[in-house]
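Trainee: After the structure tokens below, expect a handful of questions from me.
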């Protein structure tokens, strides 16, 4: 029977009920389709949410997979030269449940990666996991060879890898990262902890733009220092050498190196014996370089003046112990002579005129106790007694019986020479105005001026002559300290130190150089600091001073201007 009726004229008439039924059916079908699409959309969103929260454990190195996408800021020196950058590197993984022929996969992969243990590889591939690491950080050639194998269940992920163009030159500053690009030492670890600690928790970190970080070091100076310290190891047959240079006006570290060092591109090399940062993570008895500290504090206190004289004709006795001079003059010495001849007797008497408790308080004021202030996590606390006995204060006055880091010493020298302001060291660029805000006046300008004269005097007439290239107005102090072996000081093993400042008429840089257990360079030389640490200092300054804008000037009136009015 037809669904249509006909009018008298013969034209069809649509039955209204049928039309309504068809419209309702269409609407119901549309609603059902929309409902199904909505449910499907909700399911997909739910699955995406679960995937976003899911973590895939990397049992190869114990890290989570999202960490692999993390990127790090480029590290630059103060002049914009690259120190550390991120590069992309392919890593090989497998989906064991999709491996078709286990033996074939093991055989072919082993041919491309012969260093990969076959037993390990078989164990990794023989399972039903959805993801396992096989090898991280392949070369492009290795990646291409494996891709040509056409093995199902084998694929690559592009990871971010850290690269250090300079290799070991600044290793103890930069530190290193692990296989997941996470900082494990040096500035790299500092950045993770203090500034980009959440990077490894952000799977989209590689899509972020990270601003480069400018460090305070000058790569040119760093190269020169590293090269001279490396030369010192061979020239003096030493077991170690180290150095640090600081801007006395801002506290910025211009260069820092410690040898033996390591290649941050191969972090495992840092684990070899003796490869620690002696500048921040080593404490040493720094010998006569401490006479600068002792005399500066005494002059600042006004208990001692630059014109005073002290009897150094005989050793200072403490019960059955006595302390004398290495090359005694056996006469009364002026303060400049005490410093120039490095008299232990004179230095002890200067400290005693000032007072042992005042001396101990001054060490704290100069931040020579406690832990050094620096961004590096590798730091060691100084070993300085809280109180001094009479004999303890006497030996401490010339740098024995207490141990500090070389970084603490160079910061103290910077304060003594720059007009008396202690500025905390930093490895990041610092504005001079900010430096002055951070600065703390620790001695008077008068005492600082007196010490600049004494430092320069020692370079002209004392033990610092080998450290002062002509025209550069270098001032400094040697220190040769016998090392403790089996609880006793050993005359066969010593640490040689030279602490310097330049140029003395307008100080800009302070530097400390260490040579550990040096031997005489030749038959005409010795093992004391003047012959090695002093020589290294002179060679470094001669190379880097022009780079730093310090040009030679042979005007003798510059030295005359340093002489205090009381001595003219």
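Every number here is computed from the coordinates shown, using simple stated rules; none is lab data. Since this is a predicted model, take the numbers as computed values, not measurements. So basically every Cβ, Gly included, is an ideal-geometry build from the backbone, and we count neighbours across all protein chains shown.
Trainee: Which three semi-axes in whole Å describe the equivalent ellipsoid of the range 412-456, each the square root of 5 times a Cα gyration tensor eigenvalue, listed largest first?
Mentor: 21, 11, 7
Trainee: Sticking with this one: If you work out Rg/Rh (Cα atoms, Kirkwood Rh) from the coordinates, which of (1) 1.26; (2) 1.33; (3) 1.10 do you get?
Mentor: Computed from these coordinates, Rg/Rh (Cα atoms, Kirkwood Rh) corresponds to label (1).
Trainee: Counting helices only, and only those DSSP H runs with n ≥ 4, report the 222 nm mean residue ellipticity of the chain as the sum of -39,500 (n - 2.57) divided by its residues, in deg cm²/dmol to the nearest 500. Mind dumping the intermediate values first?
Mentor: Working: 17 runs with 194 residues, N = 568.
Calculated mean residue ellipticity at 222 nm is -10500 deg cm²/dmol.
Trainee: I would also like to ask the following. Among 345-351, 526-532, 376-382, what's the highest-first ranking by average C-beta atoms within 10 angstrom per residue?
Mentor: Details: 345-351: 26.1, 526-532: 23.0, 376-382: 17.9.
Those peptides, ordered most packed to least, come out 345-351, 526-532, 376-382.
Trainee: Another one. Over all alpha-carbon pairs in the range 408-548, figure out the percentage whose distance exceeds 20 Å. Mind showing how you got there, number by number?
Mentor: Details: 5031 of 9870 pairs.
Within the range 408-548, distances greater than 20 Å cover 51 percent of Cα pairs.
Trainee: Could I ask something else about it? How tilted is helix 533-544 with respect to the longest principal axis of the chain? Cα atoms for both, answer in degrees (0 to 90, nearest 10).
Mentor: Computed tilt is about 60 degrees.
Trainee: Of all the C-alpha pairs in the range 65-214, what % are more than 25 Å from each other? Could you put the intermediate results ahead of the total?
Mentor: On the way: 4422 of 11175 pairs.
Distances greater than 25 Å cover 40 percent of the Cα pairs.
Trainee: Mind pulling up the Rg/Rh value for the range 389-491? Radius of gyration and Kirkwood radius, both on Cα.
Mentor: Details: Rg = 16.5 Å, Rh = 16.1 Å.
With Rh from the inverse mean 1/r over Cα pairs, Rg/Rh is 1.03.
Trainee: Relative contact order of the range 422-568: what whole-number percent is it, with Cα pairs under 8 angstrom and at least 6 residues apart? Please list the in-between numbers first.
Mentor: Numbers: 227 pairs, mean separation 32.6, N = 147.
Answer for the range 422-568 is 22 percent.
Trainee: Rounded, prolate or oblate, given the Cα gyration tensor of the range 317-364, with a/c below 1.5 counting as rounded?
Mentor: Values: a/c = 2.34, a/b = 1.32, b/c = 1.77.
Oblate, because a/c is 1.5 or more while a/b does not exceed b/c.
Trainee: When 291, 213 are ordered from fewest to most other Cβ atoms inside 10 Å of their Cβ, what list results?
Mentor: Details: 291 26, 213 19.
Placing the least packed residue first, the sequence is 213, 291.
Trainee: For the ranges 29-39, 513-523, 491-501, what's the packing order if you count other beta-carbon atoms within 10 Å of each residue, average per peptide, and put the highest first? Kindly include the intermediate steps, with their values, before the conclusion.
Mentor: Details: 29-39: 10.0, 513-523: 19.9, 491-501: 23.7.
Highest to lowest by the protection proxy: 491-501, 513-523, 29-39.
Trainee: What is the helix-to-structure angle for 344-354, meaning the angle in degrees between its Cα long axis and the longest Cα principal axis of the chain, kept from 0 to 90 and rounded to the nearest 10?
Mentor: 80
Trainee: Hey, another quick one. Helix 406-417: angle to the longest alpha-carbon principal axis of the chain, degrees 0 to 90, nearest 10?
Mentor: Long axis of 406-417 versus the principal axis of the chain: about 60 degrees.
Trainee: Next question, about the same structure. How large is Rg/Rh for the range 454-495, to two decimals, with Cα atoms and a Kirkwood Rh? Don't skip to the answer; put the middle values down first.
Mentor: Values: Rg = 14.3 Å, Rh = 11.7 Å.
A ratio of 1.22.
Trainee: Could I ask something else about it? Remind me, relative contact order of the chain in percent, using alpha carbon pairs under 8 angstrom and six or more residues apart? Intermediate results must be reported in sequence, preceding the final value.
Mentor: Values: 1150 pairs, mean separation 75.0, N = 568.
Reported as a whole number, the value is 13 percent.
Trainee: Then there is this: I'd like the per residue volume of the convex hull spanned by the Cα atoms of the range 221-341, given in cubic angstrom. Show your work: numbers first, answer last.
Mentor: Details: hull volume 23.2 nm³, N = 121.
Per residue, the Cα convex hull of the range 221-341 comes to 192 Å³.
Trainee: Of 172, 223, how do they rank once you tally other Cβ atoms within 10 Å and put the fewest first?
Mentor: Numbers: 172 27, 223 18.
In increasing order of surrounding Cβ atoms, one gets 223, 172.
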